[in-house]
Amino acid sequence: MKFPFLQTPSVEMAELFRSEGKIFVVLAVLGIVFAGMAAYLIWIDRRLTKLESKK
Amino acid sequence: MKAWKLLGLALVGYSLYAGLMFEVPRLFILNETIRNLYFHVPMWFTMIALLSGSLVYSLRFLRSGDAGKAVDMSRDRQAKNFAEVAMVFALLGLLTGMIWAKATWGAYWTADPKLNGTAVTLLIYAAYFVLRGSVEDPEKRAQLAAVYNVFAFVMMIVFIGILPRMTDSLHPGNGGNPAFGNYDLDNGMRMVFYPAVIGWILIGWWIATLRVRLAQLQDRFLK
């Protein structure tokens with residue numbers, strides 16, 4: 001016997017989004033943004049180190 | 001380049017990937033927005049870590065003048081810049097929280113004790129910068145600011161850590177709502193959440209030290 005009212009209704013998740021693989025596009029964009037920020041931070045850090053060694 | 005800086009970048013980079021790709025619990029109303037836990041909450045952890053750093057530097061400034069010695073102004077510089085970067089993270093936490101609130105609570109802002117508490121905290125620290133700007137004498141400014149910073153930190157704990165827990169609140173972790181207690185946070189989510197928190201704290205600390213070093217150079221070359 002089935003009790004449909006006892007079954008957990010399914011929760012909406014981004015299934016289609018993932019199955020189409022397009023999530024990797026978002027990941028790539030996020031990755032580029034983050035890598036750019038990281039490189040910028042490292043650049044500022046090096047710049048400061050150079051200035052600090054000046055008399 | 002120190003290793004902890006690269007560790008911070010690696011941890012946050014990992015959390016960007018894992019935060020989007022790993023499985024998360026399927027919950028009503030939250031849906032995929034549950035992933036915001038990895039990006040919104042670390043902003044606040046970072047703010048608290050940086051404000052703790054600022055508090056410690058303020059205390060060390062106050063102690064540096066003991067027994068007739070000259071006060072250590074570099075501690076004041078550290079306290080100021082750490083508080084400044086902390087406010088940037090607070091602002092990011094507030095904005096990301098508002099977007100999340102709109103999607104799950106239906107409004108960008110509610111008169112919730114947690115939300116109003118964070119707003120009051122921002123104002124308390126705004127007053128810290130106003131106070132700094134209103135005193136001409138550097139040593140007097142440093143002294144007043146250090147004492148006020150101790151007060152501000154305690155008020156921050158009261159307004160975002162204690163008061164919201166004593167009344168009803170929509171915000172997770174307050175008013176009996178689940179958040180990241182033992183039985184609330186999914187184990188899979190922990191594997192992303194904790195690295196994200198540590199990573200963001202390291203990056204925030206890094207940015208704050210960059211600001212300190214810049215201010216140090218300014219003092220050296222522009223005087």
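The values are calculated or read from the model by the stated rules, or taken from the named source; none is laboratory data. Bear in mind that the values here come from a model prediction, so they are computed numbers and not experimental data. Counting neighbours? That spans all protein chains shown, and the Cβs are built from the backbone with ideal geometry, glycine included. Note: accessible area is taken over every heavy atom of the protein model, side chains too, but ligands, DNA and RNA are not part of it. Shrake-Rupley method; radii C 1.70, N 1.55, O 1.52, S 1.80 Å.
Kindly list the number of the only condition in (1) within 14 Å of another protein chain (Cβ to nearest Cβ); (2) part of a loop (DSSP other than H, G, I, E, B) that fails for B:A10. Every condition holds for B:A10 apart from (2).
Apart from one condition, B:V154 fits all of (1) within 21 Å of the chain's Cα centre (by Cα); (2) of a type in the set (A, V, I, L, M); (3) within 14 Å of another protein chain (Cβ to nearest Cβ); the exception is (3). Taking the numbered list (1) open to solvent by 50 Å² or more (accessible area, probe 1.4 Å); (2) assigned to a helix (DSSP H, G or I) in turn, B:F61 passes all entries but (1). Within region B:148-165, if we keep just the residues that are touching a residue at least 24 places away in the same chain (Cβ under 8 Å) and either in contact with a Leu (Cβ under 7 Å, 6 or more places away or on another chain) or over 17 Å from B:L51 (Cα atoms) (or both), the residue that is surrounded by the most Cβ atoms within 10 Å (Cβ to Cβ) turns out to be B:N149. Of all residues in region B:15-39, those satisfying the criterion of being surrounded by fewer than 20 Cβ atoms within 10 Å (Cβ to Cβ) and away from chain A (no Cβ under 11 Å) are B:F22, B:N36. With respect to (1) under 16 Å from B:G204 (Cα atoms); (2) open to solvent by 30 Å² or more (accessible area, probe 1.4 Å); (3) more than 9 Å from chain A (Cβ to nearest Cβ), the lone exception for B:L50 is condition (2).
Is one or more of the residues making up region B:103-112 in a helix (DSSP H, G or I), closer than 30 Å to B:H171 by Cβ and at pLDDT below 95? So far as region B:103-112 goes, yes, one or more of its residues are in a helix (DSSP H, G or I), closer than 30 Å to B:H171 by Cβ and at pLDDT below 95.
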